[in-house]
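Below is one structure; the comments refer to it alone.
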Amino acid sequence: MMAKKKIESKAKKAAAAILGLPKIFAIRKALRPLKTIICAALLALVCASLFAQTQVVVGAARFDKYKKLLQNKRVALAANATSIIPSADGGAVHDLDFLLSQKINVVKAFAPEHGFRGKGEAGEIIQNDVDAKTGVPIFSIYGKFLKPSPELLSDVDVVVYDIQDVGARFYTYISAMHYIMEACAQNNVPLVIFDRPNPNIDCVAGPIRDERYKSYVSLDPIPTIYGMTAGELAQMINGQGWLEGGARCKLTVIPVKNYTRKSRYELPVAPSPNLPSHRAVRFYPFLCLFEATVVSEGRGTEQPFTAIGYPDESFGQYVFTPRDIPGMATNPKHEGKKCYGLDLTGEPLYRLANSAAAGNLGLATDSSSAAGSSSLATDSRADGIFTLKYFIEFAKKLGGAKKMVDQPAGLARLWGNDKLIEQIDSGMTEEEIRASWLPDVEKFLRDRKPYLIYK
């Protein structure tokens, strides 16, 4: 027996030597770490592919979708500091620089409020200029003229508009877009809009603008907060015949890729000097109403539109002192005075409470906010981030909205009608005020459906 086992053992060793099994086993052992590395690399590639598929891509970054519309054309570019796309080095490049690098013939630029590269303060008149980096002439559409003249468009084959909006009717970039559309329609010049996400797309609130209060901060008959991208709104302006004389421009919208109405999008650059943070962008639609009052909305501080206060200690424990800040605020309200009020930097940025208005409007709900995380989070009178809570509370502290509002005509232009002061002072609740605009907003939502691009 023993002899037989020895023979079998020798035979196995001989076979193993012939087949090279010891080497094979050694190689397999050596390859285990490499196998792990390869698996990790493949996983990273899959994740990167999924990320690339879901990453939001703004219209301006989709050159393949619009290059044929601009090649061999004389192009005018309406843009500002928000008109950027990701660059190859991981940074950002301005539309003008990118288009020129792609041999697109940009012959001039149009500058809205705050200027072409975004250095002007709110309301500051923008002058004609020359872009220092490229030498392209810049023409103001926020000064003596609000829309391009026939002379300015006489040597232009196509106009491109790419300016980040924040979804509030009184934010003047959409007014600039309206007038550019009008000029293009009147001069038979095509318009291409590079669309961008609306960071407040989850919100539709406020009255439809009354025709009596049509102005540059309330140009179109839409709610105060309208929940559309600039491209969608442009299609509605065109389709509804809101341009002068019912004119329509030849419009092409380059959509945002991988974007839906449920997407949460933080702007990569401040859309204007006094909206320096995502929080300010989210709160601006309801805190902007304080601009027509004696209450400070935080201009002249490092947190505009995330703080409110008044020079009276009874208004709150948070204290701030408005001051001149170059490029942001000159002679701000209550300059040099201590203002007492609220710091809103701790308030939630996303949630949609189950108000009657929200339910009737069929807006998407957001259940991610922790119930009870703040008074605002559980406020049942909010659609999206919008609320009149603070406006009503401060009006009561000051003895009524009529006493708080020192610019009633200005408030009417912002709000879209002259009813808010009377509604608050008559004791109406926020829910009752919302109910007053609901029928008109419901009609608006029906009217806008054909123009929506994103689900």
Looking only at the range 62-73, decide whether some residue is under 30 Å from TYR284 (Cα atoms) and either open to solvent by 20 Å² or more (accessible area, probe 1.4 Å) or β-branched (Val, Ile, Thr) (or both). yes
Which numbered condition LYS333 misses (of (1) under 21 Å from the mean Cα position of the chain (by Cα); (2) at pLDDT 90 or above): (1)
Exactly one of VAL192, VAL166 is among the aliphatic types (A, V, I, L, M) and assigned to a loop (DSSP other than H, G, I, E, B), and that one is VAL166
Counting only residues that are surrounded by fewer than 16 Cβ atoms within 10 Å (Cβ to Cβ) and in contact (Cβ under 8 Å) with a residue 24 or more places away in the chain, the range 404-419 contains a total of 4
Only one of (1) at pLDDT 95 or above; (2) closer than 21 Å to GLY245 by Cβ; (3) of a type in the set (A, V, I, L, M, F, W, C) is not met by PHE145, so which one is it? (1)
Residues in the range 205-238 that are farther than 28 Å from ARG74 by Cβ, aliphatic (A, V, I, L, M) and in contact with a strand residue (DSSP E or B) (Cβ under 6 Å, 6 or more places away or on another chain): how many? 2
When the residues of the range 190-218 are narrowed to those that are open to solvent by 10 Å² or more (accessible area, probe 1.4 Å) and of a type in the set (A, V, I, L, M), which ends up nearest to LEU287 (Cα to Cα)? VAL217
Can you go through GLY241, GLY309 and tell me which one is at pLDDT 95 or above and farther than 30 Å from LYS403 by Cα? GLY241
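Each row is one residue, and each column tells you yes or no for (1) at pLDDT 95 or above; (2) open to solvent by less than 70 Å² (accessible area, probe 1.4 Å); (3) assigned to a loop (DSSP other than H, G, I, E, B); (4) closer than 21 Å to GLY167 by Cβ.
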| residue | (1), (2), (3), (4) |
| --- | --- |
| THR365 | no, no, yes, yes |
| SER369 | no, yes, yes, yes |
| PHE391 | yes, yes, no, yes |
| ALA395 | yes, yes, no, no |
| ILE421 | yes, yes, no, no |
| GLU431 | no, yes, no, no |
| PHE444 | yes, yes, no, yes |
| ASP447 | yes, yes, no, yes |
What strands (runs of 3 or more DSSP E) completely inside the range 284-354 contain at least 2 residues that are within 25 Å of PRO408 (Cβ to Cβ) and open to solvent by less than 10 Å² (accessible area, probe 1.4 Å)? 307-310, 339-343
Unique residue being in a loop (DSSP other than H, G, I, E, B), under 21 Å from the mean Cα position of the chain (by Cα) and surrounded by 15 or more Cβ atoms within 10 Å (Cβ to Cβ) when the list is ARG279, ARG261: ARG261
Would you call GLY227 at positive phi, of a type outside the set (S, T, N, Q) and open to solvent by 20 Å² or more (accessible area, probe 1.4 Å)? no
Given (1) out of contact with any strand residue (DSSP E or B) (no Cβ under 9 Å at 6 or more places or on another chain); (2) open to solvent by 10 Å² or more (accessible area, probe 1.4 Å); (3) outside any loop (DSSP other than H, G, I, E, B), where does GLY241 come up short, assuming only one miss? (3)
Any residue that is outside any loop (DSSP other than H, G, I, E, B), buried (at least 23 other Cβ atoms within 10 Å of the Cβ) and among the aromatic types (Phe, Trp, Tyr) - is there at least one of those in the range 124-142? no
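The values are calculated or read from the model by the stated rules, or taken from the named source; none is laboratory data. Values in this document were obtained by computation on a predicted structure and should not be read as measured data. Counting neighbours? That spans all protein chains shown, and the Cβs are built from the backbone with ideal geometry, glycine included. Quick note on the areas: whole protein, heavy atoms, side chains included, nothing else; ligands and nucleic acids left out. Shrake-Rupley method; radii C 1.70, N 1.55, O 1.52, S 1.80 Å.
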